[in-house]
1. Using only the Cα atoms of the stretch 526-660, construct the convex hull and provide its projected area averaged over every direction, in square nanometres to one decimal.
2. Could you tell me the calculated FRET efficiency between Glu620 and Arg128, based on Cβ-Cβ distance and R0 = 60 angstrom, to the nearest 0.05?
3. Starting from 0.36 nm per residue, how many nanometres of slack lie between Glu590 and Asn205 once their C-alpha separation is accounted for?
4. Hey, with R₀ at 56 Å, roughly what FRET efficiency would Glu380 and His650 work out to, going by the Cβ-Cβ distance, to 0.05?
5. Can you tell me how much longer the chain between Lys521 and Ser658 gets when fully stretched, taken as 0.36 nm per residue apart minus their C-alpha distance, in nm with one decimal?
6. Using θ = phi - 60° and the Karplus relation 6.51 cos²θ - 1.76 cosθ + 1.60, list the HN-Hα couplings for the stretch 369-384 in order, rounded to whole Hz, with x at every Gly or Pro.
7. I need Cys210, Cys654, Cys617 ordered by Cβ neighbour count within 10 Å, fewest first.
8. With respect to the cross-link table entries Lys110/Lys547; Lys320/Lys542; Lys110/Lys278; Lys320/Lys352; Lys196/Lys278; Lys352/Lys391, which display a Cα-Cα separation exceeding 29 Å?
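Throughout, read-outs are computed from the coordinates displayed, never taken from laboratory work. Treat the numbers as computed from the prediction; the structure is a model and nothing was measured. Here the Cβ positions follow ideal geometry from the backbone for every residue, glycine too, while neighbour counts run over all protein chains shown.
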Amino acid sequence: MPPRKRTRKGEAAKEEDAQPSPGQDGFASDEDMGYNAAPQPSQRRSASRRGKAPIGGRAPDVHLPPAQDHTLSPVELADWEDAQHDEMLHQGKGPSSTSIMNEMAEAVVKVFCVHCQSNFSLPWQRRRQFSSTSSGFIVSGNRILTNAHCVEHAASLKVKRRGSDEKFIAHVVATGAECDIAMLRVEDPSFFEGVKPVQFGDLPNLQDSCIVVGYPIGGDTMSVTSGVVSRIEVTSYVHGSTELLGVQIDAAINSGNSGGPAFNDSGQCVGIAFQSLKGADDAENIGYIIPPPVVQHFVADVERNGRYTGFPALGIEWQKMENPDLRAASGMKAGQRGVMVRRVDPCGPAHKVLGPHDVVTSFDGVGISNDGTVAFRSGERISFSYLISQKYVGDTAVLRVIRAKPEVRQQQEQQQHLTDGGQGDVGQRTKQEKGKGKQRAGASGSGSGTQKQDAGADGANDADGAGSTGGNGRGRGGRGAKAGGKGQVKVQGQELAAEEEEVTIRLKAPVRLVPFHTEGKPPSYFVHGGLVFTPVTVPYLKSEYGKDYDFDAPIPLLNQLFNGLPEAPDHQVVVLSQVLAAEVNIGYEELHNLKVESLNGERVTNMRRLVQLVDGCKSEWLSIVLENFQTVVLSAAKARSATPSILEMHCIPCDRSSDLKDL
């Protein structure tokens, strides 16, 4: 059975010459979080009101007043309360649903964008521009919120209010690719006249009613669809390839709805429409909105820092501890719970603090269960990565940790040595851990199974109960623990179990070996002797292999994407993208998309290092070792002299991108 696709069906509606949507992401479905409990009376009341009358209309009369000789059922009581509420509104004793709807509609705008995207396969060019329409809404401070994928690579941006024939020029203030939110501004103050900014409500409850307002395909005027909240959990954001809190609703979300608000019965915004699930025969009306906590985190981040800094990461991969033998072998006592660290990102904040086979038992005083979840509201549980996503870059977090036994750590290091030993070009190849399907995201959690998502971004997913929190890693260089040792210690008035420590970590944004977004920057490239080199990014893989790149791209490159870990913040995977045929490179014309391991015996770790080695070559030959020990040898003098004519033939303005010209 083909994998399911979760699509950003709320993506911008393409008007002409539409390029493929910016990507897709593999999706690991989370386990049942126990959201099947019976609704509370207030939740039934919301659902009942939704079923009785459309927004702006009056509910049918329900004459079921309480009587001494009749006991109302919960459903009858909810219907009677709804009728009384609607009757009060009809008599002018409160704001009518029509006035609430008008206020909401006035703040919703239509976004017109012309996109001009780089051509990552021919990095010295750009693709043909295309247009799209989407939705947005006005918030306090004369700002507009919409989805990041709606304004990505924007060359021209305009907005229009409901009922107006005038479009206003808009500019992007900040973009959060991870959370798929963008903030816009309009310089002309007349655009905001007479508009009441949208106010955000609390995180909705299950079965709360919601109304999605926007400008989807199928017409030019505003569209309103209604539904209820059907699920709340940490979910995959396909545009950012990360996992954050998300709300699933059954209201229709179509292309063009992206960026539009979802309102509750009180006219408060409870989310931003951004993606939906399609491609599954048994899935209908599954849409997703970005909840208020995520939106408010983005806005507060921009206000605090003057720019978007992102959601922080812990920088570990972890696995569940549900097996009793695994817990016993890890030194856990009866009653202790937690998750086991598998790898630590060398560039992450947990490096030098945590190590493989350490067990994390709590985060900021909140206990972590063996399945990686924490308590969330009444009767609900959620992945502990939610706690990390509530933090900001630069914040500190306090973790309780059970250190790995020395014999376990020694065995793990020996296994790691055996795993790394057979890879690479005699010390030239970057060490990497074998495996597949591990997700790396800004603050991701656990899950099992696979689903494929299609929207503005592509990615990978977690499998077999594994999880990550913003990065992966292979080792550590020491300890950064505050407390520790065996025996029992007192921490904040609580007694820790034997061999348990408390450590403090300063969180920071994750660093990816294969970036999912380039933040609007043009791709880096270098052409020498007809050989074209470029770093591997997800936009590059999509350009080369299409939206199904996570199936069609070469396995070595996918292994770098899914499992590769940066050894330094500037670490890149450099590939020989293609060979521009010329006499100097005869015989190498078929080589393409092969990872560059070394040049004249020097390891290539990024584009700048490659250019430095080529420009500084004193040898007669340029000897380039590619993956699987393939070797390309060119005369250094001939390659240098042939480069200008090759550039002229292919209309390439320069042998290197602007970010490499200072070398």
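1. 8.4
2. Rounded to the nearest 0.05, the efficiency is 0.85.
3. The Glu590-Asn205 span can extend by a further 132.9 nm.
4. Given R0 = 56 Å and the Cβ-Cβ separation, E is 0.45.
5. My answer for the length gained is 48.3 nm.
6. Once θ is set to phi - 60°, the couplings for the stretch 369-384 become 6, 5, 8, x, 10, 10, 5, 9, 6, 7, x, 10, 10, 8, 4, 5 Hz.
7. Cys654, Cys617, Cys210
8. Table pairs above 29 Å Cα-Cα are Lys320/Lys542; Lys196/Lys278.
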